[in-house]
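All remarks here apply to the structure that follows.
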Amino acid sequence: MSTTRRQFLTTTTSLATAVSVPYFGWQKKTLADESQSKNDRVSIGLIGAGGMGLGNLRAASQWVDVVAIADADAGRVSAANNTLSDGKAKEYADYRAILDRKDIDVLHIATPDHWHTKPLVEAMLAGKDVYCEKPLTLTIDEGKLIRKVQKETGRVVQVGTQQRSQFEEFVKAIAMVADGRVGKIKKVTAAIGAGPTCGPLPTVTPPAELDWDRWLGPVPAVDYRYFRKPSSGKKRARPNTNCHYEFRWWYEFSGGKLTDWGAHHVDIAVWALEQAGQAGEHGGPTGIGGKATHPVPFKNGMPVDRDRYNTATAFLLTATYPENVELIIRHDTDNGVTIEGDKGKIFVNRGKLVGAPVEALADDPLPEDAIAKVYKNLPMEADGRKAHWATFLNCVKTRKDPISDVHSHMRALNVCHLAGISARLGRDLTWDATSEHITGDNEANAMLSRPYRKEYKINMG
């Protein structure tokens with residue numbers, strides 16, 4: 001560990017000891033105040049130089065210096081370097097070069113979904129702490145491996161589910177649940193919006209700056225597809241592709257809306273069940289099923305047509321927890337999370353927290369430390385994405401579990417993955433949360449994992 005890193009880790013005790021801080025008045029002395037000198041800043045490596053990586057590191061710019069950037073798209077590496085580091089960061093096509101650098105202790109992984117697990121596992125084994133974007137995995141079995149390696153290495157890993165650091169909306173909602181304001185939960189609904197569609201996309205030659213084989217990495221090789229609609233007005237239309245950003249709508253690389261937005265809202269729903277003591281002994285549902293609509297036909301759980309977006313566009317799926325508590329995932333109501341109990345109902349999204357129990361807070365406010373308790377008594381600074389980074393960097397210093405650790409994240413993401421398997425197979429599934437397998441369905445169980453291409457297998461050291 002470098003001298004400057006050690007200095008950062010021992011700078012102050014105020015954040016490490018800031019417990020039981022009321023949500024309406026956290027301490028004024030913050031990580032930002034403590035990290036103004038060059039010697040207090042964190043050197044960080046970025047793997048995946050798209051929009052999420054840039055946005056996240058802009059949010060953390062008060063505390064970190066980006067010194068290395070890796071991406072399969074050389075154009076993105078260069079652009080990110082100019083934006084984040086004034087062109088001073090070292091540029092790489094292969095992220096493994098960053099893992100070898102002894103002067104970098106912290107990484108940010110902001111790759112497409114299918115490229116999360118391999119660099120994350122290898123980074124932990126290399127002794128790095130990591131802030132990794134959501135959804136953490138492409139499969140349930142990848143999550144098992146990540147959790148195992150995190151336990152063995154003790155590395156600090158924060159998942160980019162920044163709603164867990166939105167204090168006046170989501171964290172406050174969870175605090176209300178924990179304080180019994182909605183009573184015993186009967187139903188939780190995660191509304192995540194409908195998935196997009198597109199027409200058949202032509203196979204074209206990838207741009208010269210894009211290493212398409214490296215971008216594909218662990219997944220089976222497919223052709224590069226791209227089409228940009230003619231622009232209307234001043235706003236240029238977003239291209240349809242199976243690459244940058246739009247990879248989300250292809251089962252080859254992602255899980256569609258069920259894992260993209262599900263990673264956010266299902267996470268809040270499961271967090272609520274856990275705080276209410278209603279998530280079951282092993283923190284998972286007993287089964288899941290319902291209906292889903294796809295833009296292409298499916299056979300054996302995989303899309304028949306591979307020339308267009310193929311993830312679910314519409315869905316009404318229900319995960320059942322002990323005592324018949326339902327967690328519903330749907331596309332057709334206002335984006336957000338509804339928590340219904342025997343004492344009341346609340347609705348929360350980014351910017352809104354409403355319901356009779358919320359209105360009752362005017363006369364019967366939450367205890368002063370209610371937010372702090374559900375936030376693991378971690379220091380609270382700023383809000384949303386910026387707060388999420390401040391918490392992560394504090395946990396790097398204190399070696400505490402962050403608010404979005406890999407274990408809590410996978411309990412929620414497993415629900416999203418199971419929803420996707422149920423949707424693709426068109427049938428209900430029975431889930432054994434203890435052994436983490438699907439009961440009595442070999443075909444569904446086979447979908448808990450996916451094979452890696454030989455040259456992109458995870459290096460377990």
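The values are calculated or read from the model by the stated rules, or taken from the named source; none is laboratory data. Being a predicted model, the structure only gives us computed values, none of them experimental. Using ideal geometry, Cβ is built from the backbone for each residue, glycine included, and neighbour counts are taken over all protein chains shown.
Among the residues of segment 209-238, those that are outside any helix (DSSP H, G or I), out of contact with any Lys or Arg (no Cβ under 9 Å at 6 or more places or on another chain) and either in the same structural domain as ASP307 (by TED's automatic domain parsing) or not acidic (Asp, Glu) (or both) comprise TYR224, TYR226, PHE227, PRO230, SER231, SER232, GLY233, LYS234, LYS235.
In segment 230-246 there is at least one residue that is within 17 Å of LYS134 (Cα to Cα), touching a helix residue (DSSP H, G or I) at 6+ places or on another chain (Cβ under 9 Å) and surrounded by fewer than 21 Cβ atoms within 10 Å (Cβ to Cβ).
Here is a yes/no grid of residues against (1) touching a Cys at 6+ places or on another chain (Cβ under 9 Å); (2) in contact (Cβ under 8 Å) with a residue 40 or more places away in the chain; (3) under 30 Å from SER78 (Cβ atoms):
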| site | (1), (2), (3) |
| --- | --- |
| MET124 | no, no, yes |
| LEU136 | no, yes, yes |
| ARG155 | no, no, yes |
| PHE167 | no, yes, no |
| THR189 | no, yes, no |
| ILE192 | no, yes, no |
| GLY195 | no, yes, no |
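Among residues of segment 404-449 being crowded, with 16+ Cβ neighbours inside 10 Å, charged (D, E, K, R) and touching a residue at least 40 places away in the same chain (Cβ under 8 Å), the one that is farthest from GLU326 (Cα to Cα) is ASP405.
Among the candidates ALA190, ALA173, the residue that is part of a strand (DSSP E or B), under 30 Å from LEU353 (Cα atoms) and among the small types (Gly, Ala, Ser) is uniquely ALA190. You will find that of LYS187, LYS172, the residue that is among the basic types (Lys, Arg) and under 21 Å from MET410 (Cα atoms) is LYS187 and no other.
Return yes or no: is LYS128 among the charged types (D, E, K, R), more than 25 Å from TYR245 (Cβ to Cβ) and surrounded by 21 or more Cβ atoms within 10 Å (Cβ to Cβ)?
Yes: the conditions hold for LYS128.
Here is a yes/no grid of residues against (1) β-branched (Val, Ile, Thr); (2) over 25 Å from PHE253 (Cα atoms):
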position	(1), (2)
VAL66	yes, yes
ASN81	no, yes
LYS90	no, yes
LEU99	no, no
TRP115	no, no
ALA123	no, no
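In this structure, does ASP364 turn out to be of a type outside the set (Lys, Arg), over 30 Å from THR293 (Cβ atoms) and in the same structural domain as ALA269 (by TED's automatic domain parsing)? It is true that ASP364 is of a type outside the set (Lys, Arg), over 30 Å from THR293 (Cβ atoms) and in the same structural domain as ALA269 (by TED's automatic domain parsing). Here segment 371-396 is the region considered, the condition is being over 17 Å from the mean Cα position of the chain (by Cα) and among the polar types (S, T, N, Q), and the residue that is nearest to VAL42 (Cα to Cα) is ASN394. Those strands (runs of 3 or more DSSP E) of segment 283-378 in which 2 or more residues are at pLDDT below 95, out of contact with any Leu (no Cβ under 9 Å at 6 or more places or on another chain) and of a type in the set (S, T, N, Q) are absent.
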